[in-house]
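Heads up, the thing below is written out as structure tokens.
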Amino acid sequence: MKEYTTESIRNVAIVSHGGAGKTMMTEAFLFHTGATTRMGKVEEGTTVSDFDEEEIRRAISLYTSVIPVEYKNVKVNFLDTPGYTDFVGEVISALRVADSAIVLVDSVAGVEVGTEVAWNYIDEFKLPRFVVINKMDRENANYRKALSSVEEFSTTRLLPVQLPWGEKQSFQGVIDLITMKAYKGEGKTAEEIPAEYKDAADEARLTLVEAAAEGEDELLEKYLESGELTAEEIQRGLCKVIRSGSFIPVFVSAASSGTGIIPLLDAIVNLLPSPVDGRVEVGQTKNGQEEELTPSDSGPLAAYVWKTTADPFVGKQTMFRVFSGTINSDTRVWNSKREVEERLGTIAVPRGKETIPVKTLHAGDIGVVPKLGETVTGDTLTDRNHPLILSVPTYPNALYQVAVFPKTQADSTKISSTLTRLAEEDMTLSWHNEPATLQTILQGMGDQHIDVAIRRAETKFQVGLTIAEPKVPYQETITKKATAMYRHKKQTGGAGQFGEVHLRLEPYPDGEFNYTWEVFGGAISQSYSASIQKGIQGVMREGVLAGFPVRGVHVAITDGKEHPVDSKPIAFEIAGREAFKLAFKDANPVLYEPIMKVQITVPEANMGDVLGDLNTRRARVLGMDTDKGRSVVTAMVPLAEMLRYTTQLRSLTGGRGIFTMEFDSYEIVPPHITAEIVAARQKELQKEE
Ligand SMILES: Nc1nc2c(ncn2[C@@H]2O[C@H](COP(=O)(O)OP(=O)(O)OP(=O)(O)O)[C@@H](O)[C@H]2O)c(=O)[nH]1
Ligand SMILES: [Mg+2]
């Protein structure tokens with residue numbers, strides 16, 4: 001592959017609701033620019049972009065792939081993202097390193113929930129964007145309707161730059177309003193606009209020229225005077241209004257047949273920003289100062305690691321984007337986050353699963369390097385003498401948890417290292433050991449996300465895992481003061497044991513545990529204090545009521561008895577433990593449960609059902625809002641009721657609802673539910689015996 005310098009590069013993320021045709025579009029770009037000799041098919045697993053075996057099995061994209069397309073001496077790095085919302089983390093990572101985005105909209109379905117999600121992220125990253133109404137050849141394709149669905153949703157004005165030449169089966173090309181030519185099929189050659197489209201094209205062009213004129217005062221003046229702008233001037237004006245976010249241009253295509261692909265590529269090259277006019281990147285120096293980076297080869301090296309894959313066969317692959325400076329094969333760089341030097345082998349340009357070795361990557365480009373020891377996603381590679389840290393985007397909180405169990409003894413030894421490696425690859429996947437339930441918890445964005453991770457563990461790391469619904473990490477605590485005493489006495493034959501402990505429990509709502517020694521007159525020696533405390537903390541870990549850890553208790557040791565011969569630490573440990581249990585049961589014990597703050601966004605029409613359903617989940621609704629046909633509900637809901645909500649919301653709304661959730665606080669579990677939990681625990685204990 002040729003070497004491309006900054007102004008000849010475009011980094012374009014393609015985003016959409018699942019299945020709008022992103023992967024086929026990259027396939028069409030490759031084919032019609034001669035990079036490949038045939039069009040692959042998603043269903044047959046033969047596309048360049050969906051190469052992962054799990055992607056092939058499911059016939060959807062799961063990961064972002066880089067698809068560089070060379071056209072007119074420009075290299076467009078397309079980032080083909082997955083549309084299924086479980087994999088939104090990949091979209092965020094792609095947008096982090098893109099200078100612009102293309103939003104694909106299905107000509108039949110119009111704007112869908114995945115379109116909205118991606119759209120909002122593009123807003124967050126402040127990227128200029130194109131809208132492409134794809135699948136114009138579909139049986140029920142409706143350009144007008146699809147376009148109005150975007151108009152309804154967008155707060156930015158939309159601007160058709162093309163008109164569809166036909167619709168449904170008769171969709172045969174595009175009518176370009178800049179050149180005022182028609183382009184049949186993939187559109188390599190221009191022809192006159194067919195007579196029946198002439199009027200519509202003239203009218204639409206007027207709007208286009210007016211919009212372009214807004215881009216520059218000079219253009220506006222000329223337009224007001226002469227009523228016309230040249231194609232070159234229109235393009236110049238459009239660049240401005242698109243990049244400033246005043247307008248979003250709209251295109252049409254049928255990716256699977258390649259219709260409209262070349263005119264679209266022309267527009268990408270001509271209208272979307274190169275890294276030179278792309279995002280302004282700011283690095284942080286070691287002492288926290290901000291340094292604005294110019295995307296040029298002569299700047300200090302700053303490359304952001306946006307993706308890593310840890311395939312045991314291929315080895316670790318680190319994908320990065322150079323924001324400033326250059327990166328060369330066989331050199332050393334400084335990882336400023338981990339503060340380690342990394343030795344680079346051969347750097348390469350990724351194209352699907354292929355890696356094409358290059359000597360140098362210039363500012364703005366995207367590359368990959370194998371076998372870095374320490375570097376993970378979110379790190380910055382810089383120059384040791386000029387270390388900079390680039391910002392990591394915020395990824396959504398986990399929405400779905402499972403408890404993970406090893407299938408065999410051998411699997412159990414590899415479980416932590418495997419989960420760690422999986423989580424390293426994926427910013428929306430994480431795991432931890434939950435002390436309250438002693439379970440290993442894997443969490444992510446939804447059941448499919450987890451399913452992919454489990455399969456990956458099996459196929460890539462040869463670790464068999466099974467999953468189950470996790471236990472809720474309840475906590476036990478008390479709500480009133482109580483006292484108790486316990487005498488531990490074993491004085492039959494041999495050495496005896498004796499210890500007696502009196503204690504008082506009080507609620508200690510602001511902390512975990514507090515312990516005081518209030519024994520007067522030396523009834524028991526303070527040297528036993530540590531043993532008593534050990535006994536108490538042992539029960540606190542195991543729980544008294546239902547097997548969950550105890551927190552928020554103040555324990556005062558008030559009195560006791562000791563025996564000159566038989567008293568020993570173990571006796572006081574037991575007495576302390578038992579006295580604590582007795583007092584705890586007497587202190588109105590309750591369970592605390594995690595409460596999540598949840599924000600649910602659904603079409604207005606589903607609002608009633610969603611609220612009704614929330615009612616059955618012990619939810620406390622905090623607020624409701626309606627905006628552009630979408631309703632947003634904010635509520636506090638116990639985690640116990642949210643464990644499978646991704647699936648439930650999907651079925652309630654036909655896949656059109658989304659939600660976010662974060663931990664808020666612990667609250668007391670209502671008595672009737674506590675009773676159920678305690679009963680279940682009793683049963684479990686009986687089974688164990
Ligand atoms: N009729 C028609 N079908 C299309 C077109 N583009 C894509 N398809 C089909 O739509 C399905 C989904 O296409 P993909 O390219 O996988 O869509 P995607 O947006 O990459 O999907 P995800 O990766 O799952 O988000 C496939 O069966 C494609 O063949 C099109 O322009 N017209
Ligand atoms: Mg895809």
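Summary of values
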read-out	value
For peptides 324-331, 421-428, sequence by mean Cβ density within 10 Å, most packed first	421-428, 324-331
Within region 1-57, GluC sites (Glu not before Pro) in DSSP loop having at most 15 other beta-carbon neighbours inside 10 Å	E3, E43, E44
For peptides 634-642, 600-608, 252-260, sequence by mean Cβ density within 10 Å, most packed first	252-260, 634-642, 600-608
Cα centre as origin, Lys/Arg/Asp/Glu Cβ charges: the chain dipole, Debye	2420
Per-selection Kirkwood Rh - the chain (Cα, Å, 1 d.p.)	28.9
Estimated distance in nm for a label pair at F663 and L685, the labels positioned 7 Å out from Cα along Cα-to-Cβ	2.7
Quarter of the Cα convex hull surface for region 593-672, i.e. its orientation-mean projected area (nm²)	5.0
Those GluC sites (Glu not before Pro) in region 115-169 that DSSP places in a loop and that have at most 12 other beta carbons within 10 Å	E139
Using a Förster distance of 45 Å, the FRET efficiency for W517-T616 (Cβ separation, nearest 0.05)	0.40
DSSP loop chymotrypsin sites (Phe, Trp or Tyr not before Pro) with at most 10 other Cβ within 10 Å excluded, longest remaining stretch of the chain	1-312
Kirkwood Rh, angstrom, region 492-620 [1 / mean 1/r, Cα pairs]	17.4
Spatially proximal aspartates and glutamates relative to K307 (Cα-Cα < 14 Å; intrachain offsets below 8 disregarded)	D80, E90, E374, D379, E424, E425, D426
Two-site FRET efficiency, Q289 against F313, from Cβ-Cβ distance with R₀ of 41 Å, rounded to 0.05	0.45
Crossing angle, helix 671-688 versus the chain [Cα axis fit, 0-90 degrees, rounded to tens]	70
Set K181/K353; K135/K240; K168/K240; K286/K414; K585/K683 screened for pairs whose C-alpha atoms are more than 26 Å apart	K181/K353; K135/K240; K168/K240; K286/K414
Degrees separating the helix 231-243 axis from the principal Cα axis of the chain, which is the longest one	10
Ranked by how many other beta carbons lie within 10 Å on average, peptides 462-469, 355-362 from highest	355-362, 462-469
Anchor K72: aspartates and glutamates whose Cα lies under 15 Å away (excluding residues fewer than 8 positions away in-chain)	E3, E7, D266
Rounded to 5, the percent of DSSP beta bridges in region 476-588 classed as antiparallel	75
On Cα atoms only, tilt of 22-32 relative to the major axis of the chain in degrees	40
Trypsin sites (Lys or Arg not before Pro) within region 159-250, DSSP loop, no more than 16 other Cβ atoms inside 10 Å	K188
Reduced Cα scattering model of region 400-471, Debye log10 I(q)/I(0), q = 0.13, 0.14 Å⁻¹	-0.30, -0.35
Shape metrics for region 43-83, restricted to C-alpha atoms - Rg then Dmax, Å	11.6, 36
Spacing of the two label points (7 Å from each Cα toward its C-beta) at T634 and T189, in nm	6.1
Region 281-390 - convex hull of alpha carbons, volume per residue in Å³	86
Computed FRET value (nearest 0.05) for N73 with F51, which takes r as the C-beta separation and R₀ as 35 Å	0.80
Signed unit charges on C-beta, dipole axis of the chain, positive-most listed residue P603, V74, Y183	P603
Theoretical gain in end-to-end length, K359 to S417 [0.36 nm per residue, Cα-Cα removed]	17.5 nm
Cα→Cβ-extended label distance, 7 Å offset, between T207 and T331, nm	4.9
Net lengthening on full extension, E221/T155 (0.36 nm per residue, minus Cα-Cα)	21.1 nm
Residues of type lysines that K597 reaches as a straight line, Cα spacing below 24 Å, ignoring anything fewer than 8 places off in the same chain	K471, K628
Test item: Cα-centred dipole of region 342-477, Lys/Arg +1 and Asp/Glu -1 on Cβ, debye	500
The chain: calculated mean residue ellipticity at 222 nm from DSSP helix runs of at least 4, using -39500 (n - 2.57)	-9500 deg cm²/dmol
Label-zone membership for region 623-657, site H672, 7 angstrom Cα→C-beta point, backbone N under 20 Å	637-642
Options F580, V472, L614, ranked by Cα towards positive dipole end of the chain, top entry (Cβ charges)	F580
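All of the numbers you see were taken from the coordinates with simple rules; none came from a lab. Every value quoted in this text rests on a predicted model; they were computed, and no experiment measured them. Neighbour counts are summed over all protein chains in view; Cβ atoms, including those assigned to glycine, are modelled from backbone coordinates with ideal geometry.
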